[in-house]
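For reference, the structure is listed below as structure tokens.
Laboratory data are not the source of any read-out in this text; all were calculated from the coordinates shown. Fair warning: this is a prediction, and the values are worked out from it, not measured in the lab. Cβ coordinates were reconstructed from backbone atoms using ideal geometry, including for glycine residues, and neighbour counts include every protein chain displayed.
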Amino acid sequence: MSKVFQPLELFIGLRYTRARRQGRFISFISLASMAGIAIGVLVLVTVLSVMSGFESAFRDRILGMLAHVTVSQANAIVENWEPLQKELPNFTYVKAVSPFIEKPVMLNKDDEARGVSLEAVIPELEGQVSDAFKHVVAGDMNALKAGSFAIGIGQTLADEMKLKIGDSVTLLSPSEDMLEATELPVLQRFTVKAIFRVDMQVYDSSFAYANLNDVQETLKLGNSITGFRVRVTDPSRAPAVAKDIFKRLSPQYPQLWVSDWTHQQNNFFKAIQIQKTVMFIILLLIIAVAAFNLVSTLVMVVSEKEADIAILRTLGLSPRRIMGIFMVQGTLIGVIGTAIGVVSGLLIASNIHIIVPWLERLFDTNFINPKTYYVSELQSQINAGDVIVIAFSALLMAIIATLYPAWRASRVQPAEALRYE
């Protein structure tokens with residue numbers, strides 16, 4: 001005589017899960033619940049992966065243009081800055097240091113004028129801390145040599161002012177004594193030697209680069225600068241590096257001011273994290289709806305199997321083991337739905353760079369506007385922690401959904417159930 005598959009609760013629970021002719025409707029409801037869980041998990045895995053990819057791409061793009069650490073003084077003027085420049089590279093994790101001057105100016109050509117943020121730099125040093133020098137579409141940023149009065153501008157600014165390589169623009173900056181005296185604003189002609197495009201509207205339309213010495217001469221700044229841009233080996237270490245710089249150098253430079261990228265963009269990245277959390281909660285409700293469909297499914301199963309339950313009780317099965325039978329059935333639906341959803345979600349998230357361009361061509365549209373979102377294409381980044389949390393949450397809700405029907409099954413009284421059999 002062959003032995004019954006053990007444990008008995010698992011054996012009977014699996015038997016009840018299989019479709020039978022008289023239970024096709026219940027089986028259909030079970031499949032619907034399983035499909036709902038699978039779709040919810042699929043959507044949640046895909047959306048969170050895309051949001052993580054967007055956040056990562058956005059952070060890389062922003063950090064490519066921002067200084068990881070900015071060192072200046074309280075009045076944003078650093079004089080005799082060469083000694084400080086020599087000390088900064090000695091700090092741990094500091095990769096490159098570039099002195100800069102930041103000044104709002106006007107650029108004018110014929111009847112076109114635009115306000116821009118002028119970045120005065122030493123090209124060979126700035127190229128080590130800013131990605132603008134890596135996204136040149138015309139000309140050469142290294143042509144911004146001292147005495148050349150050359151300028152590099154963004155692609156959008158060049159298009160708006162109809163500028164190309166070799167054209168001249170007039171730089172206009174008000175004199176600091178202009179309001180107190182009758183001095184005229186500073187005027188200087190610069191030649192466009194480079195055009196860059198980083199697909200970030202704020203930089204492509206309102207930033208311009210020139211040589212540090214040329215701007216000092218034009219604006220009569222002497223040997224002073226605004227401060228230093230510092231790039232570190234790992235952006236996540238920027239706050240620690242900033243604290244270390246301030247702690248060690250503030251006694252020597254009483255007016256020292258040090259900031260890092262987490263202060264400059266902290267609110268924006270917090271907003272992205274909040275959006276991701278809210279999206280997780282909203283999409284988790286989809287899984288919850290599908291999971292709690294199991295309640296109605298299992299209640300119908302319990303009603304159909306009351307006679308079977310009564311017989312099992314008379315054969316000696318305890319209420320706890322009866323409860324286990326129906327928990328097996330509901331949990332199995334949750335496990336299969338979650339597994340299908342996770343696998344499908346990972347497949348879609350891994351191929352999002354293929355799927356999205358195909359959909360854009362199919363519907364003749366662009367899902368991502370680089371002028372708005374700073375990135376030109378959707379990317380995904382699969383986070384193992386997110387996937388585990390999603391799978392665990394789906395399974396937990398499926399198990400919770402089985403508790404009431406399973407408890408109800410355990411309360412079936414054999415005498416009452418078999419009275420009319």
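For the peptides 226-234, 278-286, 57-65, the ranking by mean Cβ contacts within 10 Å, running from highest to lowest, is 226-234, 57-65, 278-286. Relative to one another, the C-alpha centroids of region 290-320 and region 190-259 are positioned 71 Å apart. How many percent of Cα pairs in region 199-260 exceed 14 Å? The answer is 71 percent, as a whole percent. As a rough guide to protection, the peptides 216-222, 342-348 ranked by mean Cβ packing within 10 Å, highest first, stand as 342-348, 216-222. Rounded to the nearest 10 degrees, what's the angle between the helix 24-65 long axis and the longest principal axis of the chain, both from Cα atoms, 0 to 90? Value to nearest ten degrees: 10. Phi angles across region 344-353 convert, under the Karplus curve 6.51 cos²θ - 1.76 cosθ + 1.60 with θ = phi - 60°, into 3J(HN,Hα) values of 5, x, 5, 5, 5, 4, 5, 10, 4, 5 Hz, Gly and Pro given as x.
Close amide-amide hydrogen proximity is noted between residue 138 and 195, each under 5 Å apart and 5 or more residues distant or on a separate chain (H modeled in the peptide plane; Pro and chain starts excluded). From the square roots a ≥ b ≥ c of the eigenvalues of the alpha-carbon gyration tensor of region 59-118, which class results: rounded (a/c under 1.5), prolate (a/b over b/c), or oblate? It is oblate, given that a/c is not under 1.5 and a/b is not larger than b/c. Each peptide among 239-249, 185-195 gets the average number of other Cβ atoms lying within 10 Å of its residues, and from highest to lowest they stand as 185-195, 239-249.
Cross-link partners for residue 243 among the lysines, with Cα-Cα distance under 27 Å and sequence neighbours closer than 8 places in the same chain left out: 86, 95, 103, 270. Amide H to amide H distances under 5 Å link residue 154 with 196, 207, where only residues 5 or more positions off or on other chains count and H is placed in the peptide plane.
For the chain, the 222 nm mean residue ellipticity estimated from helices alone, with every DSSP H stretch of n ≥ 4 adding -39500 (n - 2.57) and the total spread over all residues, rounds to -17500 deg cm²/dmol. Using only Cα atoms, tell me the angle between helix 238-249 and the longest principal axis of the chain; keep it within 0 to 90° and round to the nearest 10. For helix 238-249, the angle is close to 40 degrees. Each Lys or Arg adds one and each Asp or Glu subtracts one; over the other residues with Cβ under 15 Å from the Cβ of residue 268, this totals +1. Note: relative contact order over the chain, using C-alpha pairs below 8 Å and six or more positions apart, is 28 percent. Computed 3J(HN,Hα) for region 143-157, one whole-Hz value per residue from the Karplus formula 6.51 cos²θ - 1.76 cosθ + 1.60 where θ = phi - 60°, is 7, 7, 8, 4, x, 8, 6, 9, 9, x, 10, x, 4, 5, 5, glycine and proline marked x.
Measuring spread by the Cα atoms of region 45-155 yields a radius of gyration and Dmax of 17.4, 56 Å. In a simple Cβ point-charge model (Lys, Arg +1; Asp, Glu -1; nothing else charged), the chain has a dipole of about 2720 debye relative to its Cα centre. Coupling constants for region 289-298 follow from the phi torsions by the Karplus curve (6.51 cos²θ - 1.76 cosθ + 1.60, θ = phi - 60°), and in residue order they are 4, 5, 5, 7, 5, 4, 4, 5, 4, 6 Hz; glycine and proline get x. Once Rg and the Kirkwood radius are both taken over the C-alpha atoms of region 211-308, their ratio Rg/Rh works out to 1.48. The overall shape of region 67-262, judged from the alpha-carbon gyration tensor, is oblate: a/c is not under 1.5, and a/b is no greater than b/c.
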